[in-house]
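Accompanying notes for the structure given below.
The values are calculated or read from the model by the stated rules, or taken from the named source; none is laboratory data. A quick note: this is a predicted structure, and the numbers were derived from the prediction, not measured. Note that we place each Cβ from the backbone using ideal geometry, even for glycine, and neighbour counts take in every protein chain shown.
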Amino acid sequence: MKIPGLIGGVTWTSTIDYYRLINRLSNNQLGNHDTLEVLLYSVNFEKVLQMMTHHQWSEIELLFTEKAKALKNAGADFFVICSNTLSKVGQQVAAESNLPILDMVESVANAIHEKEFEKVAFLGTSFAMNDSHYRNGLKLFGIDAYTPESDEKEIINRIIMEELAYDILKPESRKTILKIMNNMQQKYDIEGVILGCTELPMLIKQADTAIPVFDTTEIHAKAIVEFALKS
């Protein structure tokens, strides 16, 4: 079995879900009390957030390269970044650390392909929704991703940063995001919605809507377990 190295803490609330899912999914396959060995480097999110706010992506790349090298030295065979937004620096970090990455965007694209969808909505932080990285990555797989209106982006980002990042789940926020999803389905005729922030699945579940949703935390965790157990 391969040992995954997780760069987490972005945020800690969703990193908990990664750890729980990886252990549950690997135990389901291995049986008894067996699970994958997992290495985790949890970063200070405030530090990373300040870098994102000031568009210091090269500094984030350097920071994450340092963490990936630490994971490699500790025994990780590959690494993941437990964030949709920060997947932006993933390939550069993999090249500079000489440690393979299991990329978030590719994992999500594969899950969308399994449904044979081509048009989806992408909800996430304002950093991710306003940046072309994620949407361009999906485009390489033949998937068109649409983002909400500017005011709706601000609402979603506020919910993520001011509520979900602190493990605060508000029913009214759930209703707001579901309304945005319904608006996008009517406007763009989307086939599904990417919950493109690993905190969003804490609030939005498939049971809440008839629109197919892609839980990126669960998708990535499943991909991690599958890749680690291949050997």
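Points to keep in mind about this one:
- Contact map, segment 88-105: residues that are crowded, with 16+ Cβ neighbours inside 10 Å paired with residues that are basic (K, R), Cβ distance under 6 Å, separation 6+ or inter-chain. Pairs shown: S97/K69; L99/K72.
- Put simply, of I143, I168, I156 the only residue that is among the β-branched types (V, I, T) and farther than 27 Å from T53 by Cβ is I143.
- Segment 29-66: number of residues that are of a type in the set (D, E, K, R) and closer than 11 Å to L86 by Cβ: 1
- So F117, is it touching a residue at least 60 places away in the same chain (Cβ under 8 Å), in a loop (DSSP other than H, G, I, E, B) and surrounded by fewer than 20 Cβ atoms within 10 Å (Cβ to Cβ): yes
- Within segment 202-218, being surrounded by 19 or more Cβ atoms within 10 Å (Cβ to Cβ) and more than 10 Å from L21 (Cβ to Cβ) holds for M202, L203, I204, V213, F214, T216.
- Test: residue in segment 32-51 that is surrounded by 19 or more Cβ atoms within 10 Å (Cβ to Cβ), within 21 Å of G137 (Cβ to Cβ) and either under 16 Å from the mean Cα position of the chain (by Cα) or modelled with pLDDT of 95 or more (or both): yes
- Meets criteria (of a type in the set (D, E) and closer than 29 Å to E163 by Cβ) for E118: no
- Hits in segment 61-74 - residues which are surrounded by fewer than 21 Cβ atoms within 10 Å (Cβ to Cβ) and within 16 Å of Q91 (Cα to Cα): E61, L62, L63, T65, E66, K69, K72
- Qualifying residues in segment 143-184 (those that are without any contact (Cβ under 8 Å) to a residue 60 or more places away in the chain and touching a Pro at 6+ places or on another chain (Cβ under 9 Å)) - the one farthest from W12 (Cα to Cα): N183
- Verdict on N183 being over 30 Å from N73 (Cα atoms) and surrounded by fewer than 16 Cβ atoms within 10 Å (Cβ to Cβ): yes
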